[in-house]
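Can you read through this structure? Questions will come right after.
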Amino acid sequence: MISILLSWIIITFTLYTTGRVFINLYNRITAQTETYGFIDQIIVGMTAIIIPLSIWSLFLPSNHIFLFIIFSLCCCYYLVEVFKKKSFPPLKRFLYNFTSKEIIIYLIISVVFITYCLWQPDVYDSLHYHYQNIRWNEEFAIVPGLANIEDRFGFNSNILLLQSIYTLRFLFNKDIYTLNQLFVLLIFIWLIRQWIRSRYRMMETLFLSGFMISSLLSIIFINNTSTDILPNTIIYYLISRFCIFGFDWKNSKLLLFTTPFLLITFKLSFAIFGIVSLCIFIYLIKEKKIKSTLFLSVTSAIILICWLIRNIIISGYLVYPLYQIDLFDVDWKLPIDAAQSQLEYIEIVGKQFFKVQAIELMQTYRDPQLVDFGIFILYSSLYITTPIAIYKYIKKRKEIPASFIVVIACLVATVISWFFSGPDFRFVPYIMGIILITNLTIIFKTQNLYLNNKLAYIIPSTFLIIITIYTITYYSNLKNNLIEKELYKSSSINNILCTPYTIIDFYKDSYTTDQAKPKYRLNENVVFYIREDSYDYDKFPLVPDLHYGNFTSYYLFEARGNTYQDGFKAKENK
């Protein structure tokens, strides 16, 4: 619990502060007066941090050293602010902005949420390559041909790079992953705040409900390293923000221009939202706003170029697994058959999950049965509301702002791309939620409808109760499993006041063995552990054997030099 709270504070402080500094810099250089809210500044902060972090990662490990530098600079910024103004204005505004009632509600939400975060569930991608990928980021500068070890390292999501500086391994001797959960919590509190201050208006109620539904259907992914949650929630927040407060995009150009480029480096499937950046770019050119155009274009280009450079170094491809874009002939390039197989695998598995959850209503091996049922209901709701919303939209099209039409087009294009490339619900949970809510706001006149004050709190209370029940059930199952094996008293589950009980902790407690782990030696200095079973996931560096979700293996690659940093390449005879 202590580690989670500390991680939340550090992430919020550094992202908010860097965002604040970056906005001030943009306004000063371009002579703009754009102002942003708390979460807006955190999103801009991600953009501001990812630029130096990407460059840093080309030469040095991305870990607590980089975090210490950023944290120190943020502290220096506020010291200067206090010295100049003899006060701490951001903190004063923050504290005076909430009523006592709101503070109590937010504390209750935070307590429920942090309790849920104490138990980290079993997520396939996290165990099989996210944890290892983050650890490689922590221990080394970018490694040429790293994807030859595990081809999914080639995806190179900047979310995993960002998480590598916030793991707090140097303090707790284990990685703490809180970026997804923190952002979900912040947006949930923001939606609650807008809902209360609107006096429970139906529009805010719908956006709050949609977010809660999407969160419940993603409950096993939020509390882990999923690369889908963060970009999904950012899109949900931005659309909610502009629907509630109006599409005043001209005063949010920095946020709306750079965020799509950031999302591309998080998850390539969100590239379609680059249309928003293109529209703003055209507007700036027409208005001859040269300084703004240059600042935003250069910033976005740096984000994208640094990511592409990392892609090339890791896998040999400009964008992995898009083997069709084959521009480079480097010795560490991942074999093309691995890229082809991975692309086919994503599509096949996605279609399997879609068939089960959207058509057949059968339980999957991944999600709880209630989650599968909820996903089926959400799909069914979309089937029903989408045709009606399209009809209503055609009738009201003259009343709908052009900027809203652009957003709708991006959402539709994202879903179409998702459907044909790998329609797994976990890739678009909040996108589906926001589409459903958008349909409902088009169908019904939600601006003038309000909930009864006494009945309104049933909605968020139900959400918190479900989260609590899930948490208790998950803990009970873990405890009973450990008790059956007579491992409960000696297990690390008793340390949850300090650090969360992760799935790796559970495997280590459950699969105790005195046998030495098998190793694979490439040369005198480069040695790997071979992953044989669940209890091996805590080892580093770890190489997988060939299995259905992985298309490289330890006997298919060799070292490029005498150190890990020199990188890896495919064996010529394979």
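The values are calculated or read from the model by the stated rules, or taken from the named source; none is laboratory data. Note that the structure is a prediction, hence the values are computed from the model and not measured. Ideal geometry is used to build each Cβ from the backbone, glycine not excepted, and the neighbour counts take in all protein chains shown.
If you check I280 against the conditions, is it among the hydrophobic types (A, V, I, L, M, F, W, C), more than 30 Å from L556 (Cβ to Cβ) and either surrounded by 20 or more Cβ atoms within 10 Å (Cβ to Cβ) or touching a residue at least 40 places away in the same chain (Cβ under 8 Å) (or both)? Steps first, please.
Details: among the hydrophobic types (A, V, I, L, M, F, W, C): yes; more than 30 Å from L556 (Cβ to Cβ): yes; either surrounded by 20 or more Cβ atoms within 10 Å (Cβ to Cβ) or touching a residue at least 40 places away in the same chain (Cβ under 8 Å) (or both): yes.
Considered against the rule, which asks whether it is among the hydrophobic types (A, V, I, L, M, F, W, C), more than 30 Å from L556 (Cβ to Cβ) and either surrounded by 20 or more Cβ atoms within 10 Å (Cβ to Cβ) or touching a residue at least 40 places away in the same chain (Cβ under 8 Å) (or both), I280 comes out as yes.
Considering (1) out of contact with any strand residue (DSSP E or B) (no Cβ under 9 Å at 6 or more places or on another chain); (2) outside any helix (DSSP H, G or I), say which one S215 fails and leave the rest.
Against the list (1) out of contact with any strand residue (DSSP E or B) (no Cβ under 9 Å at 6 or more places or on another chain); (2) outside any helix (DSSP H, G or I), S215 comes up short only on (2).
Would you mind finding the one in Q181, Q194 that is at negative phi and in contact with a Cys (Cβ under 6 Å, 6 or more places away or on another chain)? Full working, then the answer.
Working: Q194 fails: in contact with a Cys (Cβ under 6 Å, 6 or more places away or on another chain).
Selected residue: Q181, the only one of Q181, Q194 that is at negative phi and in contact with a Cys (Cβ under 6 Å, 6 or more places away or on another chain).
Ok, one more. Within 29 Å of L370 (Cβ to Cβ), more than 18 Å from the chain's Cα centre (by Cα) and of a type in the set (S, T, Y): does that describe Y200?
yes
Residue-wise test of (1) modelled with pLDDT of 95 or more; (2) among the aliphatic types (A, V, I, L, M).
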residue	(1), (2)
I51	yes, yes
L67	yes, yes
L79	no, yes
K92	no, no
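Still on this structure, I have one more. Any residue that is more than 24 Å from F188 (Cα to Cα), within 33 Å of the chain's Cα centre (by Cα) and either assigned to a helix (DSSP H, G or I) or at pLDDT 85 or above (or both) - is there at least one of those in the range 464-474?
Among the residues of the range 464-474, not one is more than 24 Å from F188 (Cα to Cα), within 33 Å of the chain's Cα centre (by Cα) and either assigned to a helix (DSSP H, G or I) or at pLDDT 85 or above (or both), which makes the answer no.
Would you call R135 assigned by TED's automatic domain parsing to the domain that holds F261, surrounded by fewer than 24 Cβ atoms within 10 Å (Cβ to Cβ) and within 19 Å of the chain's Cα centre (by Cα)?
Working: assigned by TED's automatic domain parsing to the domain that holds F261: yes; surrounded by fewer than 24 Cβ atoms within 10 Å (Cβ to Cβ): yes; within 19 Å of the chain's Cα centre (by Cα): yes.
The answer is yes for R135.
Restricting attention to the range 246-259, report how many residues are free of Cβ contacts under 8 Å to residues at least 40 places away in the same chain and closer than 19 Å to I431 by Cα.
Pass one, the range 246-259, residues free of Cβ contacts under 8 Å to residues at least 40 places away in the same chain: 246, 248, 250, 256.
With closer than 19 Å to I431 by Cα added as a condition, the list becomes 256.
So the count comes out to 1.
Also: Please go through the range 18-37 and pick out each residue that is surrounded by 17 or more Cβ atoms within 10 Å (Cβ to Cβ) and closer than 19 Å to L230 by Cα.
Selection gives T18, G19.
Tell me which of these Y564 doesn't satisfy, since it passes every other one: (1) surrounded by 18 or more Cβ atoms within 10 Å (Cβ to Cβ); (2) at pLDDT below 70; (3) closer than 21 Å to W332 by Cα.
Only one criterion is unmet by Y564, namely (2).
I've got another one for you. May I ask you to list the residues in the range 153-195 that are in a helix (DSSP H, G or I), closer than 28 Å to S315 by Cβ, in contact with a Leu (Cβ under 6 Å, 6 or more places away or on another chain) and among the aliphatic types (A, V, I, L, M)?
Passing the criteria: only I159.
Return yes when S269 is surrounded by 18 or more Cβ atoms within 10 Å (Cβ to Cβ), among the hydroxyl-bearing types (S, T, Y) and over 30 Å from I469 (Cβ atoms) and no when it is not. Break it down stepwise before answering.
On the way: surrounded by 18 or more Cβ atoms within 10 Å (Cβ to Cβ): yes; among the hydroxyl-bearing types (S, T, Y): yes; over 30 Å from I469 (Cβ atoms): yes.
When the stated conditions are applied, S269 passes them.
Please work out if S240 is closer than 25 Å to L127 by Cα, crowded, with 22+ Cβ neighbours inside 10 Å, in the same structural domain as I108 (by TED's automatic domain parsing) and small (G, A, S). It would help to see each step written out before you state the result.
Numbers: closer than 25 Å to L127 by Cα: no; crowded, with 22+ Cβ neighbours inside 10 Å: yes; in the same structural domain as I108 (by TED's automatic domain parsing): yes; small (G, A, S): yes.
So S240 does not fit the description; no.
A follow-up question, please. Examine the range 246-253 for a residue that is buried (at least 20 other Cβ atoms within 10 Å of the Cβ), closer than 27 Å to S164 by Cα and touching a helix residue (DSSP H, G or I) at 6+ places or on another chain (Cβ under 9 Å), and state whether such a residue exists.
Looking through the range 246-253, none of the residues is buried (at least 20 other Cβ atoms within 10 Å of the Cβ), closer than 27 Å to S164 by Cα and touching a helix residue (DSSP H, G or I) at 6+ places or on another chain (Cβ under 9 Å).
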